[in-house]
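Trainee: Can you read through this structure? Questions will come right after.
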Amino acid sequence: MSAEAKLLEMGIELPSKSTPVANYVSAVQTGNLVFLSGHGPYKSDRTLIKGKVGSDLSLEEAYEAARITCLNLLGSLKATIGNLDRVSRVVKVLGMVNAEQGFEDHPKVINGASDLLVEVFGEKGRHARSAVGMGTLPSNIPVEIEMIVEVEAQYSY
């Protein structure tokens with residue numbers, strides 16, 4: 001099943017491309033690679049999920065924040081490449097977790113994004129990944145995720 005059809009089946013409408021908060025862009029394509037800037041957990045009403053994992057948010061809430069962040073990444077990706085069916089491989093994910101000292105389940109938080117990528121893209125969604133803890137993140141968000149994606153060339157005949 002195509003990625004676009006899978007999202008439709010899942011009842012997911014992707015958000016529009018995120019608006020950077022400083023002097024950078026949401027995504028840059030060079031050749032067949034798309035580099036997506038760090039995205040945060042903006043909900044559909046454009047409010048941010050905030051809080052430190054392990055004190056303000058539970059593991060389950062942080063997992064959901066990572067999933068929402070991944071939806072924002074996919075929205076920016078689609079705005080950049082036009083159609084998610086052009087994705088040939090999710091190459092790399094870097095997940096940063098704003099966690100209390102002593103929190104050790106960073107990979108379980110970022111699974112929220114990784115699980116979604118595999119749900120949407122199947123084997124093409126399996127990726128290399130890093131999940132790291134941070135003392136703070138901008139605006140006190142619980143997760144920030146960036147991604148590198150390989151896309152098929154777009155031909156016009």
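Trainee: Give me the lysines in straight-line cross-link reach of K52: C-alpha distance below 18 Å, same-chain residues under 8 apart excluded.
Mentor: Reachable lysines: K43, K108.
Trainee: For a test of the definition: using alpha carbon positions, the gyration tensor, and the 1.5 limit on a/c, classify the stretch 1-51 as rounded, prolate or oblate.
Mentor: Values: a/c = 2.75, a/b = 1.11, b/c = 2.47.
Oblate, because a/c is 1.5 or more while a/b does not exceed b/c.
Trainee: Next question, about the same structure. Below 14 angstrom from the Cβ of D56, what's the summed charge of the other residues (Lys, Arg +1; Asp, Glu -1)? Before the final figure, lay out each step's value.
Mentor: Numbers: positive: K50, K52; negative: E60, E61, E64, E100.
Here the count lands on -2.
Trainee: In the stretch 3-151, what percentage of the DSSP-assigned beta bridges are antiparallel, given to the nearest 5?
Mentor: So the antiparallel bridges in the stretch 3-151 amount to around 70 percent.
Trainee: Which value in nm describes the separation of the simple spin-label points at E104 and N83, placed 7 Å from the Cα toward the beta carbon?
Mentor: That separation, rounded to one decimal, is 4.8 nm.
Trainee: For the pair T30 and K50, how long in nm is the line joining their label points, each one 7 Å along Cα→Cβ?
Mentor: Here the modelled spin labels are 3.5 nm apart.
Trainee: Nearest 5 percent is fine: what portion of the DSSP beta bridges confined to the stretch 82-157 is antiparallel? Each step should come with its number before you reach the end.
Mentor: Working: 9 of 16 bridges.
Bridges in the stretch 82-157 are about 55 percent antiparallel.
Trainee: If neighbour count is taken as other Cβ atoms inside 10 Å, put T80, T47 in order from fewest to most. Walk me through the numbers before you get to the answer.
Mentor: Working: T80 19, T47 9.
The order, fewest Cβ neighbours first, is T47, T80.
Trainee: Moving on. Given that just one value was derived from the coordinates, which of (i) 26, 16, 14; (ii) 38, 20, 18; (iii) 36, 24, 12 is semi-axes √(5λ) of the Cα gyration tensor in Å?
Mentor: From the options (i) 26, 16, 14; (ii) 38, 20, 18; (iii) 36, 24, 12, the structure gives (i).
Trainee: Hey, fewest Cβ within 10 Å first, where do F121, F35 land in order? Before the final figure, lay out each step's value.
Mentor: Values: F121 22, F35 16.
The order, fewest Cβ neighbours first, is F35, F121.
Trainee: How far apart, in nm, are two points set 7 Å out from the Cα along the Cα-to-Cβ line at A5 and at M134?
Mentor: About 3.8 nm, to one decimal.
Trainee: Could you point to the residue in V25, L48, A99 farthest towards the positive end of the chain's charge dipole, with +1 and -1 charges on the Cβ of Lys/Arg and Asp/Glu respectively?
Mentor: V25
The numbers here are math on the coordinates, done by the rules we state, and not lab data. Every value quoted in this text rests on a predicted model; they were computed, and no experiment measured them. Heads up, the Cβs are rebuilt from the backbone with ideal geometry, glycines too, and the neighbour counts pull from every protein chain shown.
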